[in-house]
1. How charged is the neighbourhood of residue 322? Take every other residue with its Cβ under 15 Å from the Cβ of residue 322, and add Lys/Arg as +1 and Asp/Glu as -1.
2. Between residue 197 and residue 168, 0.36 nm times their residue separation minus their Cα-Cα distance comes to what?
3. Roughly how far apart, in whole Å, are the Cα centres of the stretch 303-351 and the stretch 140-163?
4. Within 13 Å, Cβ to Cβ, of residue 267, how many net charges do the neighbouring residues add up to if Lys/Arg are +1 and Asp/Glu are -1?
5. With every protein chain kept in place and ligands, DNA and RNA left out, what is the accessible area per residue of the stretch 251-375? Probe 1.4 Å, answer in Å².
6. Between the stretch 241-285 and the stretch 354-375, how many Å separate their Cα centres?
7. Hey, if we sort 162, 88 by accessible area with the 1.4 Å probe, largest down, what's the order?
8. With a 1.4 Å probe and every protein chain left in place, tell me how much accessible area residue 79 has, in Å² to the nearest 10.
Amino acid sequence: MNGFKDKLKRELRQDAPFTEDVKQRLLQPKQEKPKRNWRVAVVSAVACCLAVLLFSTVLFPQNDTLRRANSGKELLPIVETTDGEVIEPETAHLLGEQWMLHFLPMVVEKGASVTYGDYVAYYTPTGIVVSTVLGLAQDTVRMEDGQVTVDETVLTVHGLGEKVGPVEKKDPFQNPYYFYSWGIDRPFINETLETVADELIVYSNEEGHRLRKITEAQLVGKVTGIQKVERTFYLTADEQRVFDAFKTDYHMEHLRDVSPVTIAKMFLLSDLERDYATYEALFTTVENHDTRETKQHYEKTKRVREEMFSQELNELVMAAVFNGVEQATFEEESDGTGWVKFTNRNGSQTGMGMMKNAQGIWQPAFGQILYFPLE
């Protein structure tokens, strides 16, 4: 091949029958392709990708965060042991299925990043409050009839999303704010708040359902779990035998010589075990204004107990409220009433009313208040 090219070149130099135009094209040396610097190419590609990413982040800084929050897990884990700090909040606005655990101790991780739907603990003049995050820094957040939007995107965490109408407002299964007005007909404060770099927006129940702006300086931390409280009250073997016998036929004579404190514990355990037939059989048969109101409240909240209170949640609520009853004393009053008194886990004095029936047997005359139903 090389010999052919050399011969061709000699013939061209000897004025072979080729036009000058053809000669020049054939004699023109072959141009080498420029070498590509792969390092420059790679750096350019990476820089391009970063530019696109940065551009998207600047234009839509929290859209993806909001999307993930709207589809994420909402319940707080219940933990037995933790390395984090445990707090006793003054109140907690748990808008999800765990609303009844608002008075339990909670685990806080200081310095953790937070996003929409997370629970945070923050300082107020009256104590530590826990609530859910509805807006981050540099957001525009609006509440309108219970519907929360973040930069015009609807927030759907913890049962939020739809506007709450007059019918839904009275239904605890459709109104995610129901339990934080305790059934009281509190209004929605329709308002729009904007945040700056060091601010968050949380749900508040001050004089109505509304938005509240807090600063990062107020934050205690992100709430990462609910501290499990172990129940301390149980029946002895003899008490359990009496209780089992009572549950076979509900004859009050089984309880004739049983102490009012033991009967009160049986009443609490029937509620804990979701044994509503036994719960109702133990409740006082004495009729007066107070006992009628307690019964009415129980009937109105029975569906809530049955559908929202699992065995685990019942156990936590009972432990948090009634731990200490195993050390209770009974004080009888002259009119056939009495009080089972004990010091609860927070050091507060607690009393549970009892009444003596026509057979001279003590019966519980109290109930656990879940909420005050709207009429």
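The values are calculated or read from the model by the stated rules, or taken from the named source; none is laboratory data. No experiment lies behind these values; they were computed from the predicted model shown. Cβ: placed from backbone, ideal geometry, glycine included. Neighbour counts: every protein chain shown. Accessible surface is based on the protein model in full, side chains and every heavy atom, while ligands, DNA and RNA are left aside. Shrake-Rupley method; radii C 1.70, N 1.55, O 1.52, S 1.80 Å.
1. -1
2. 6.8 nm
3. 38
4. Combined, the nearby Lys, Arg, Asp and Glu give -3.
5. In whole numbers, the stretch 251-375 has 47 Å² accessible per residue.
6. One Cα centre to the other: 13 Å.
7. Putting 162, 88 in descending order of accessible area: 162, 88.
8. 40
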